[in-house]
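First up is the structure itself, then whatever we jot down about it.
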Amino acid sequence: MVGTALQRRLIWRTAEVVDLVDETPRVRSLVLAVPGWPGHQAGQHVDVRLTADDGYQTQRSYSIASPQSTDERLTLTIERLDDGEVSPYLARELHAGDQLELRGPIGGYFVWAPALGGPLLLIAGGSGSCPLMAMLRLRQAAGSTVPARLLYSSRSLDEVIYRSELARLVAAGSGLEVMLTLTRAQPPGWTGLHRRIDTEMLQSVAWSPAERPWIFICGPTPLVETAASALVDLGHEPARIKTERFGPTGG
């Protein structure tokens with residue numbers, strides 16, 4: 001039964017673009033209507049497949065940025081890689097009304113739900129914020145007040161994805177804290193963090209290991225490995241540290 005259900009879910013479905021949101025100069029969110037979508041958990045991903053007029057096909061995996069939904073819609077946030085094969089089309093050429101194929105949801109390890117509780121420590125690098133944003137959106141939609149902190153490493157303030165929405169979530173007063181570290185360029189008067197994530201930074205941001213936070217880390221492989229290793233060295237339980245990483249894939 002389980003195998004049959006999984007096979008039924010992982011079929012290719014046709015999705016229609018119903019909205020496009022420019023998040024940064026290089027990042028765009030696609031709001032998709034997917035008839036028959038079975039729903040998903042915060043932290044899962046999908047495969048997207050494109051087919052050229054000559055029949056050539058290519059596919060990539062993208063994290064779902066929207067929380068669980070019952071209206072057969074989901075949001076993917078795409079960072080444009082100039083030398084990529086798929087992301088330039090999705091992030092720049094796609095229009096409302098266009099269609100693409102996807103299958104999913106995929107993954108059951110890197111997921112969070114309010115029932116898991118917290119504290120909740122989220123660590124992101126660049127577009128690694130996408131599945132973590134799904135968790136924060138779910139937390140807000142569910143009315144959860146589980147203490148949550150997001151440590152987000154970005155090259156510059158202009159490249160922080162979801163910056164305005166994150167500010168609104170913090171202002172809602174539900175116990176969310178967001179800490180940005182800008183590694184390449186900082187605006188005039190910047191008093192925040194301005195280096196790559198390291199052990200000292202994690203020690204100042206993370207809860208005590210005794211509080212047993214759930215920790216989710218997503219971003220480029222070096223960032224993920226550095227953060228996960230440092231947190232284990234600081235005494236956090238490996239079983240409560242979930243990681244998802246990405247590297248050069250051709251985009």
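The values are calculated or read from the model by the stated rules, or taken from the named source; none is laboratory data. No experiment lies behind these values; they were computed from the predicted model shown. Cβ: placed from backbone, ideal geometry, glycine included. Neighbour counts: every protein chain shown.
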One residue from LEU102, LEU90 being in a strand (DSSP E or B), surrounded by 18 or more Cβ atoms within 10 Å (Cβ to Cβ) and out of contact with any helix residue (DSSP H, G or I) (no Cβ under 8 Å at 6 or more places or on another chain): LEU102
Criterion violated by GLY97 - all others in (1) touching a Leu at 6+ places or on another chain (Cβ under 7 Å); (2) modelled with pLDDT of 95 or more satisfied: (1)
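Under 23 Å from ASP158 (Cβ atoms), touching a helix residue (DSSP H, G or I) at 6+ places or on another chain (Cβ under 9 Å) and not assigned by TED's automatic domain parsing to the domain that holds VAL160, is that true of PRO25? Steps first, please.
Working: under 23 Å from ASP158 (Cβ atoms): yes; touching a helix residue (DSSP H, G or I) at 6+ places or on another chain (Cβ under 9 Å): yes; not assigned by TED's automatic domain parsing to the domain that holds VAL160: yes.
The answer is yes for PRO25.
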Positions within the stretch 169-185 being charged (D, E, K, R) and either under 18 Å from GLU159 (Cα atoms) or in contact with an Asp or Glu (Cβ under 7 Å, 6 or more places away or on another chain) (or both), in sequence order: ARG184
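Taking the conditions exactly as written (surrounded by 13 or more Cβ atoms within 10 Å (Cβ to Cβ) and farther than 25 Å from GLY219 by Cβ), does ALA15 satisfy them or not?
Values: surrounded by 13 or more Cβ atoms within 10 Å (Cβ to Cβ): yes; farther than 25 Å from GLY219 by Cβ: yes.
Yes; evaluated as a whole, the condition is true for this residue.
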Tabulated pairs, the stretch 105-126, first within 16 Å of PRO213 (Cα to Cα), second surrounded by 24 or more Cβ atoms within 10 Å (Cβ to Cβ) and basic (Lys, Arg), C-beta under 7 angstrom, 6+ apart or interchain: PRO114/ARG139
Total residues in the stretch 25-52, condition farther than 14 Å from ILE106 by Cα, at pLDDT 95 or above and polar (S, T, N, Q): 1
Any hit, the stretch 61-69, residues being within 27 Å of ARG139 (Cβ to Cβ), modelled with pLDDT under 95, out of contact with any helix residue (DSSP H, G or I) (no Cβ under 7 Å at 6 or more places or on another chain) and assigned to a loop (DSSP other than H, G, I, E, B): yes
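Can you confirm whether ILE197 is in a loop (DSSP other than H, G, I, E, B), in contact with a helix residue (DSSP H, G or I) (Cβ under 6 Å, 6 or more places away or on another chain) and touching a residue at least 12 places away in the same chain (Cβ under 8 Å)? First the steps, then the outcome.
Numbers: in a loop (DSSP other than H, G, I, E, B): yes; in contact with a helix residue (DSSP H, G or I) (Cβ under 6 Å, 6 or more places away or on another chain): yes; touching a residue at least 12 places away in the same chain (Cβ under 8 Å): yes.
Criteria met by ILE197.
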Hey, MET179 surrounded by fewer than 18 Cβ atoms within 10 Å (Cβ to Cβ), under 23 Å from PRO147 (Cβ atoms) and touching a residue at least 12 places away in the same chain (Cβ under 8 Å) or not: yes
Neighbours by Cβ (under 6 Å, 6+ apart or cross-chain): first from the stretch 62-84, in contact (Cβ under 8 Å) with a residue 24 or more places away in the chain; second of a type in the set (Ser, Thr, Tyr) and not in a strand (DSSP E or B): LEU74/SER66; THR75/SER66; ILE78/SER87; GLU79/SER127; ARG80/SER87; LEU81/SER87
Matching residues in the stretch 19-57 - criterion: being of a type in the set (Gly, Ala, Ser), in contact with a strand residue (DSSP E or B) (Cβ under 9 Å, 6 or more places away or on another chain) and assigned to a loop (DSSP other than H, G, I, E, B): GLY36, GLY39, ALA42, GLY43, ALA52
Boolean, GLY97 is outside any strand (DSSP E or B) and either in contact (Cβ under 8 Å) with a residue 40 or more places away in the chain or in the same structural domain as PRO187 (by TED's automatic domain parsing) (or both): yes
